[in-house]
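*Asks:* Dumping the structure here so I can ask a few things about it.
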Amino acid sequence: MRKFTDDRLLVATHNAGKLDEIRALLAPYGVDVVGAAAMGLQEPAETETSFVGNARIKAHAAARATGLPALSDDSGIAIDALDGAPGVYTADWAETETGRDFGKAMSRAHEALLASKEPQPWTARFCCTLVLAWPDGHDEVFEGTVEGWVVWPIRGEEGHGYDPMFQPLGHDLTFAEMSPTQKNRISHRADAFGKLVAGCFG
């Protein structure tokens with residue numbers, strides 16, 4: 001396991017919400033976190049069919065382009081009644097001609113669940129794969145999950161993405177009803193980050 005010894009880390013995302021979460025999670029380690037947009041990077045095509053495959057594409061492209069170690073995150077929600085969809089296509093379900101609309105994506109998921117005729121509770125999990133890549137081509141991979149179920153109607157104003165429709169196991173609130181601090185303690189990203197920190201920052 002390679003240790004992270006630099007003082008600057010490029011996070012290969014254009015998602016401001018995701019960048020804020022990662023910056024907060026890494027704050028205790030004194031790392032200067034910069035996002036892909038600030039570096040003028042384009043988003044590479046995500047052509048793989050797995051979270052780890054797409055995360056590797058993003059991390060290595062960013063590390064090669066900037067000469068900085070790059071951390072990428074590929075994450076999504078997998079709904080059991082939909083055979084794991086949207087999964088790696090979580091963000092794609094939100095695409096519109098004018099940008100991403102996660103309200104539309106959540107409605108699509110709910111409509112698919114109704115069409116499936118599967119009974120509630122609609123079990124699901126958020127999955128997160130982190131890849132930390134160095135400019136020399138080396139990488140480390142960390143995976144995290146959080147179990148829960150889909151709720152409808154959606155609830156909460158916090159968070160981003162599908163957070164308003166996901167209630168984690170053992171909790172009465174959706175991710176979007178939790179404060180960022182609450183969510184960051186239990187999320188799929190927090191699970192993966194705990195492994196990243198233990199492996200590369202510990």
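The values are calculated or read from the model by the stated rules, or taken from the named source; none is laboratory data. Just so it is clear, the model here is predicted, and its values are computed rather than measured. So basically every Cβ, Gly included, is an ideal-geometry build from the backbone, and we count neighbours across all protein chains shown.
*Asks:* Of everything in the range 80-108, what is out of contact with any Lys or Arg (no Cβ under 7 Å at 6 or more places or on another chain), within 28 Å of Gly35 (Cβ to Cβ) and assigned to a helix (DSSP H, G or I)? Give them in sequence order.
*Replies:* Gly87, Val88, Tyr89, Asp92, Phe102, Gly103, Lys104, Ala105, Met106, Arg108
*Asks:* Filter the range 28-55 for residues that are assigned to a helix (DSSP H, G or I) and farther than 18 Å from Lys195 by Cβ and give the result. It would help to see each step written out before you state the result.
*Replies:* First pass over the range 28-55, keeping only residues assigned to a helix (DSSP H, G or I): 28-29, 37-39, 51-55.
Once the filter is applied, which keeps residues that are assigned to a helix (DSSP H, G or I) and farther than 18 Å from Lys195 by Cβ, the range 28-55 yields Ala37, Ala38, Met39, Gly53, Asn54.
*Asks:* If you take the residues in the range 104-125 that are within 20 Å of the chain's Cα centre (by Cα) and touching a residue at least 12 places away in the same chain (Cβ under 8 Å), which one is surrounded by the most Cβ atoms within 10 Å (Cβ to Cβ)?
*Replies:* Taking the candidates together, the pick is Ala124.
*Asks:* Would you mind finding the one in Ala85, Ala78, Ala91 that is buried (at least 17 other Cβ atoms within 10 Å of the Cβ), at pLDDT below 95 and over 29 Å from Thr5 (Cβ atoms)?
*Replies:* Result of the check over Ala85, Ala78, Ala91: Ala91.
*Asks:* Identify the residue in the range 7-54 that is among the acidic types (Asp, Glu) and under 27 Å from Thr181 (Cβ atoms) and, among all such residues, is nearest to the chain's Cα centre (by Cα). Write out each step before concluding.
*Replies:* Quick first cut of the range 7-54, residues among the acidic types (Asp, Glu) only: 7, 20-21, 32, 43, 46, 48.
Filter once more, keeping what is under 27 Å from Thr181 (Cβ atoms): 7, 20-21, 32.
Values: Asp7: 23, Asp20: 12, Glu21: 10, Asp32: 20 Å.
Top of the filtered list is Glu21.
*Asks:* Condition test on Ile77, is it among the β-branched types (Val, Ile, Thr), outside any loop (DSSP other than H, G, I, E, B) and touching a residue at least 40 places away in the same chain (Cβ under 8 Å)?
*Replies:* yes
*Asks:* Name the residue that is farthest from Leu113 (Cα to Cα), counting only residues in the range 136-172 that are part of a loop (DSSP other than H, G, I, E, B) and out of contact with any helix residue (DSSP H, G or I) (no Cβ under 8 Å at 6 or more places or on another chain).
*Replies:* Of everything passing the filter in the range 136-172, Asp136 is farthest from Leu113 (Cα to Cα).
*Asks:* How about the range 173-186: which of its residues are touching a helix residue (DSSP H, G or I) at 6+ places or on another chain (Cβ under 7 Å) and surrounded by 19 or more Cβ atoms within 10 Å (Cβ to Cβ)?
*Replies:* Thr174, Phe175, Ala176, Lys183
*Asks:* Answer yes if at least one residue in the range 164-187 is of a type in the set (Asp, Glu), modelled with pLDDT of 95 or more and touching an Asp or Glu at 6+ places or on another chain (Cβ under 8 Å), and no otherwise. Break it down stepwise before answering.
*Replies:* The initial filter retains those residues of the range 164-187 that are of a type in the set (Asp, Glu), namely 172, 177.
When the remaining residues are screened for being modelled with pLDDT of 95 or more, the result is 172, 177.
Then keep just the ones that are touching an Asp or Glu at 6+ places or on another chain (Cβ under 8 Å); that gives 177.
The answer is yes, given that some residue of the range 164-187 is of a type in the set (Asp, Glu), modelled with pLDDT of 95 or more and touching an Asp or Glu at 6+ places or on another chain (Cβ under 8 Å).
*Asks:* For the range 109-135, name all the residues that are part of a strand (DSSP E or B) and over 13 Å from Asp191 (Cα atoms).
*Replies:* Applying the first criterion (part of a strand (DSSP E or B)) to the range 109-135 yields 122-133.
Trp122, Thr123, Ala124, Val131, Leu132, Ala133, listed by residue number.
*Asks:* Now for a separate question. Run Thr13 past the list (1) surrounded by fewer than 19 Cβ atoms within 10 Å (Cβ to Cβ); (2) under 24 Å from Phe175 (Cβ atoms); (3) in contact (Cβ under 8 Å) with a residue 60 or more places away in the chain and report the number of the one that doesn't hold.
*Replies:* Among (1) surrounded by fewer than 19 Cβ atoms within 10 Å (Cβ to Cβ); (2) under 24 Å from Phe175 (Cβ atoms); (3) in contact (Cβ under 8 Å) with a residue 60 or more places away in the chain, Thr13 violates only (1).
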